[in-house]
Structure formats: structure tokens, C-alpha cells
Amino acid sequence: MLSSTKAVLVIGSSGQIGAELVSRLREIHGADQVVASDIRQADLGDGPFEVLNVLDKSALSTVVKNYGVGEIYLLAAMLSAVGEEHPLKAWDLNMNGLLNVLELARETGIRVYWPSSIAVFGSNTPKENTPQHTIMEPSTVYGFSKLAGERWCEYYHKRYGVDVRSLRYPGLIGWKTPPGGGTTDYAVHIFHEAIEKGHYASFLSANTRLPMMYMPDAIEATIRLMQAPSEQIRIRSSYNLAGFSFTPEELAAAIRKHQPEFRLDYAIQPVRQSIADSWPASIDDSEARKDWNWKPEFTLESMTADMWVNLVGARSQSV
Ligand code: AKB
């Protein structure tokens, strides 16, 4: 566990995971002990905020020194779809950002959390119940960067003793902050458009089944992984993590329980579709369950009900 005198730094705090993780970490450690940071100024409630580019190692090192940081959550990354538009930039940010943090951890003993993704898998990977250890031949720059990042994490742990931990997130669904640049983003957009317009055009085809997770489960998994005693963390590359899997048609059916007239049709985006076709349909996360007692709470139905209530509530407050 983190010593009470050490602060936590979250890099990439304004993104889909960051905003929710910062508020949970502030509940645990106290607002003053959790430094939020992003490339641009943002309002993330009570507690310190720093404008920080993770590619600037000396600025990163200054923030770490100034706040007495003992733990870093590195969330700044370019996701799968936008990474295909800017391949070299995606590689630079995703890879050199991680290496800057790992080097600092090697020099100072900081603990590190870094997210990997189901994007590490490719079309030669078994699609159903994808095992922890299997064929990994990703076809996107985002996927290469996550796979290489996993190798670096394991290397820094074995060679230098860095306490670095990681999860392979599936597509994440949340109502508090929008996703940006991913292949699984349709599963969030669909809710907003169902509530606002009663209709959504999916960029993935009707039968594209992908592994997904509701954000409260993703935050809980992250906290639980970081709080587990070091000897329980047997995998230092990244753990498979699963919630539930669905297709756009199955998600639409779940939404129709709340809005019976909801209409789904399709405007397929070929790049996103081919990325989705290369990813698993379901994930075996038994290693995470065994090593640090992971178990998700939400199902497709309970996630849909919770998203609906919260988004309808947020909308009625804003009009
Ligand atoms: C994406 O779609 O790129 C991300 C991911 C699965 O890592 N949500």
C-alpha cells in the first residue's frame, strides 16, 4: 500500500478513465494527495492539477519531486481508431510516455499503473474466451504499442524491480465522460443518441461481438489490483480482464427495455470494423480472479439500466 506521505499522480486525467479514477483515488487518499494532470488545463474538482506532457521527462520529474509522488497512473494514450490516422504520433505517445514513466520509476522507486487493452490480440488469437497467454499478433499501431508496453513493464519489473501493474481493459462504458478515438466507442454514443434522438447509426456491424465493461467495474479492478500485496501479482505484463460481451443488436435490445421505440441502423466505418474484426469476442480472466480476487458486478442489463438512469437524470438537469 502507498505510504500516507506519498502523493498519487494521474497522467491523462481528463480522459474517459482518468476523470473517474481521479475522483475515486481522492476518496481513498484525500483530494490534496491526488495530483490530476493532462496536456490541457481542466477542471477536475477539488485537489491539485498540473498541465503536463508525459513526453517531457524533465517536466514529469519536476511534478514528481514537487508533490512527493509515490505512485503514477499513466492513462495518456492515443486509442485504436485515432491511432490509425496518426500511426507515428500514436507510437511516440504510447511508447515514449510509458518509457519516461518506467525510467522515473526505476530511478525513484515510484509504483506504476499502466493500462493495456484487448487490442494486444489479433485475428490469429482464439476469439472465444481468449486466454491470458496466447497468440498475440495485433494489427493496429495502438495494439503494437500496448503489446510492446506489456513487454517493457515485465522487463522493468524483472530487471529493475519496478512495481508496475497493468490490466488489459475491454471496451469501457461510462456516463460521466465521453470516450475518444476508440473502436468500442459506439457502445457509449448509442446511449446518448437513444436518449436525444431515439435513433443511432452504428459504425460496427450488427453481429460484431466485443468484450466490454462498465466503468465502475473497471475502476474497482484498477484499485483492487493496485492495493493487492506485491506477491499476489504474478503477471507483470498485463492481466486479462472481462465484464460481459455483446453485439450492437444485443445492446439495442437491452436499450429497448427502457425506450421501446429505439431504432438502430448501420453506417459501417471500414477502419473501425476491421479493427473490431481482429479483436476477441470474449475474454478469459481467470488469472486475475485467482491472483487478486477479481469479480465484476455488472451485466449487460444492469449496466444498461444504470447508464439510462444516470444519463436521463443528467439530461433533465441540463435542460
Ligand atoms: C479502443 O476501442 O481503442 C479502446 C480499447 C478496447 O482499448 N476502447
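The values are calculated or read from the model by the stated rules, or taken from the named source; none is laboratory data. None of these values were measured; they are calculated from a predicted model. Glycine also receives a Cβ, built like all others from the backbone with ideal geometry; neighbour counts cover every protein chain displayed. These accessible areas exclude ligands, DNA and RNA; they are computed on the full protein's heavy atoms, side chains included. Shrake-Rupley method; radii C 1.70, N 1.55, O 1.52, S 1.80 Å.
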**Request:** Please state which one of Arg263, Arg236, Arg224 is among the charged types (D, E, K, R) and either within 20 Å of Tyr186 (Cα to Cα) or over 20 Å from the mean Cα position of the chain (by Cα) (or both).
**Result:** Arg263
**Prompt:** Do you know which of the residues in segment 133-145 that are open to solvent by 10 Å² or more (accessible area, probe 1.4 Å) and in contact (Cβ under 8 Å) with a residue 24 or more places away in the chain is nearest to the ligand (Cβ to nearest atom)?
**Reply:** Tyr142
**Asked** Among (1) within 16 Å of the ligand (Cβ to nearest atom); (2) in a loop (DSSP other than H, G, I, E, B), where does Val188 come up short?
**Response** (2)
**Prompt:** For residues in segment 162-174 being part of a loop (DSSP other than H, G, I, E, B) and more than 8 Å from the ligand (Cβ to nearest atom), which is nearest to Ala218 (Cα to Cα)?
**Reply:** Gly174
**Request:** Give Leu225, Leu241, Leu251, Leu311 a once-over and let me know the one that is open to solvent by less than 40 Å² (accessible area, probe 1.4 Å), in contact with a His (Cβ under 8 Å, 6 or more places away or on another chain) and either in the same structural domain as Val120 (by TED's automatic domain parsing) or of a type in the set (A, V, I, L, M, F, W, C) (or both).
**Result:** Leu311
**Complete:** Within segment 272-308, residues being open to solvent by 30 Å² or more (accessible area, probe 1.4 Å) and among the β-branched types (Val, Ile, Thr) number 1
**Asked** Between residues in segment 30-47 that are farther than 17 Å from Lys6 by Cα and residues that are aromatic (Phe, Trp, Tyr), which pairs lie under 9 Å by C-beta distance while being six or more apart or on different chains?
**Response** Asp38/Phe49; Gln41/Phe49; Ala42/Phe49; Asp43/Phe49
**Asked** Looking at Ile39, Ile110, Ile28, which is the one that is touching a helix residue (DSSP H, G or I) at 6+ places or on another chain (Cβ under 9 Å) and open to solvent by 50 Å² or more (accessible area, probe 1.4 Å)?
**Response** Ile28
**Message:** Looking at the structure I just gave you, is Ala194 out of contact with any Pro (no Cβ under 8 Å at 6 or more places or on another chain), closer than 22 Å to Thr304 by Cα, within 14 Å of the ligand (Cβ to nearest atom) and in a helix (DSSP H, G or I)?
**Reply:** no
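Looking at Ala254, Ala242, which one is more than 13 Å from the ligand (Cβ to nearest atom), among the aliphatic types (A, V, I, L, M) and under 30 Å from Asn293 (Cα atoms)?
Ala254
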**Item:** Matching entry among Arg159, Arg106 (being without any contact (Cβ under 8 Å) to a residue 12 or more places away in the chain and either over 20 Å from the mean Cα position of the chain (by Cα) or within 14 Å of the ligand (Cβ to nearest atom) (or both))
**Value:** Arg159
**Request:** Would you be able to tell me the number of residues in segment 120-153 that are farther than 18 Å from Asn96 by Cβ and not in a loop (DSSP other than H, G, I, E, B)?
**Result:** 2
**Message:** Being within 16 Å of the ligand (Cβ to nearest atom) and assigned to a loop (DSSP other than H, G, I, E, B): is that true of Thr177 here?
**Reply:** yes
**Prompt:** Where in segment 199-311 are there helices (runs of 4 or more DSSP H), lying wholly inside it, with at least 1 residues that are over 24 Å from Glu84 (Cβ atoms)?
**Reply:** 215-227, 248-256, 286-292
**Item:** segment 3-24, subset more than 14 Å from Ala76 (Cα to Cα) and without any contact (Cβ under 8 Å) to a residue 60 or more places away in the chain, residue most open to solvent (accessible area, probe 1.4 Å)
**Value:** Ser4
